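Have a look at the structure below before the remarks.
The values are calculated or read from the model by the stated rules, or taken from the named source; none is laboratory data. Note that the coordinates shown come from a computational prediction; the quantities given were computed from them, not determined experimentally. Note: ideal-geometry Cβ built from the backbone for every residue, glycine included; neighbour counts use all protein chains shown.
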Amino acid sequence: MKLRELAETLGCRLAGDGDLEISGVAGMEHAGPGDLTFLANPKYGPKVKYSRASAILVSEAISGLDLACVVSDNPYLDFARALALFYQPPRPPAGIHSLAYVASSAVVGENCSIGPFAVVGERARLGRNAVLHPHAVIYEGAEIGDDFVAHSHAAVREFCRIGNRVILQNGVVVGGDGFGFARRADGTHAKIVQSGVTVIEDDVEIQTLTSVDRATVGETRVRRGAKIDSLVQVGHACVVGEDNIVCAQTGLAGSTVLERNVLLAGQVGSAGHLTVHDGAIVYAQSGIGGDVAAGTRISGSPAFAANEWLRAVTAFPKLPELLKTVRELKKKVDELEKHG
């Protein structure tokens, strides 16, 4: 593809040779001739002059470079769009493989691909263009919309509901039993039947080995556009809000509610029965013990305001010396008081 054509497709401005042939996209350190790379973070600007790429996506043209510049308001987003032009993951052919099992009462939409050893249970419903890779399992009564993709060993449990354009990566479990037990008088635990469901709305992607538990009663819900990373635990009756980003190894205890545009960084832990309000950001390894106000940033465990946490964490290494100083001052004060 000519660089001029690529810039026009992306709706970007071109500064440089539009006749350059672009054959792929790559990160700055790995790009070579024929590649398009990108600069989204200005701190990596000094590396640009060492790049072997033919062209670069930038927020503003850089003078004095041999690289042609494709000027974008959002270089990272347009780099992702460019990548999609050059690479599409393979799609298995439509049809039901002879080694798959589809129950006679199941409804399978047009142009679906159901791979070997995949299972579609009784009264399950799949929309158009669904892809079930080998060993994916759809339990009884599950309802799934159009353009669904389930990679190997993903499972959608009984009666759960999934919208359109949802992607489940390998090993995802939607609607596994919530962790609910009642303690008997003798100290043993009786299992509480998890009679609710999990609902996944449109345009959600869930990464590998993540669990979104069904509710004890009612529902667990992941709202439109949320993206959930690998090794995340979403407990029963939680709500993950619209366009949330939930990063790896995060755990949400039951009945946690995340409102719109919340970002939870890696290894965040949330106590149950609390709300993280619109636009809040929770930094990595934070422990959330109560409601988080809209638009705030918090850190630490227990988490509190991020700017205060930064000051506190800077002071931590100095505490032994501060303690020593306080003891010395106290000793001097005691001596002064003793000698009047």
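What to note about this one:
- Search result, residues across the stretch 279-293 that are farther than 16 Å from Asn244 by Cα and out of contact with any Pro (no Cβ under 9 Å at 6 or more places or on another chain): Gln285, Asp291
- Some residue of the stretch 76-88 being without any contact (Cβ under 8 Å) to a residue 60 or more places away in the chain, more than 24 Å from Val131 (Cα to Cα) and not in a helix (DSSP H, G or I): no
- Residues within the stretch 42-57 that are part of a helix (DSSP H, G or I) and in contact with a strand residue (DSSP E or B) (Cβ under 7 Å, 6 or more places away or on another chain), tallied: 1
- Lone qualifier among Val156, Val199 - being under 17 Å from Val108 (Cβ atoms), crowded, with 18+ Cβ neighbours inside 10 Å, modelled with pLDDT of 95 or more and not charged (D, E, K, R): Val156
- Hits in the stretch 202-231 (condition: closer than 11 Å to Val166 by Cβ, of a type in the set (A, V, I, L, M) and either part of a loop (DSSP other than H, G, I, E, B) or modelled with pLDDT under 95 (or both)): Val204, Ala226
- Checked against the criterion of being among the acidic types (Asp, Glu), exposed (fewer than 15 other Cβ atoms within 10 Å of the Cβ) and part of a helix (DSSP H, G or I), the candidates Glu29, Glu8 yield just one match: Glu8.
- Each residue in the stretch 306-316 was checked for being at pLDDT 85 or above and surrounded by 15 or more Cβ atoms within 10 Å (Cβ to Cβ), and 1 of them qualify.
- Residue within the stretch 176-191 that is at positive phi and surrounded by fewer than 16 Cβ atoms within 10 Å (Cβ to Cβ) present: yes
- Candidate set: the stretch 211-224, residues that are buried (at least 24 other Cβ atoms within 10 Å of the Cβ) and not aliphatic (A, V, I, L, M); chosen: the one farthest from Ala154 (Cα to Cα): Thr220
- From Gly254, Gly295, Gly279, Gly272, residue being assigned by TED's automatic domain parsing to the domain that holds Asp213, modelled with pLDDT under 95 and either assigned to a strand (DSSP E or B) or within 28 Å of Gln233 (Cβ to Cβ) (or both): Gly272
- Number of residues in the stretch 83-106 that are modelled with pLDDT of 95 or more, surrounded by 14 or more Cβ atoms within 10 Å (Cβ to Cβ) and either hydrophobic (A, V, I, L, M, F, W, C) or within 30 Å of Val71 (Cα to Cα) (or both) equals 5.
- Which numbered condition Ala315 fails, given (1) part of a strand (DSSP E or B); (2) outside the structural domain of Gly196 (by TED's automatic domain parsing): (1)
- Matching residues, the stretch 138-151, being assigned to a loop (DSSP other than H, G, I, E, B) and more than 15 Å from Pro89 (Cα to Cα): Tyr139, Glu140, Gly141, Ala142, Gly145, Asp146
- Tally of residues being crowded, with 16+ Cβ neighbours inside 10 Å and at pLDDT 90 or above across the stretch 60-74: 5
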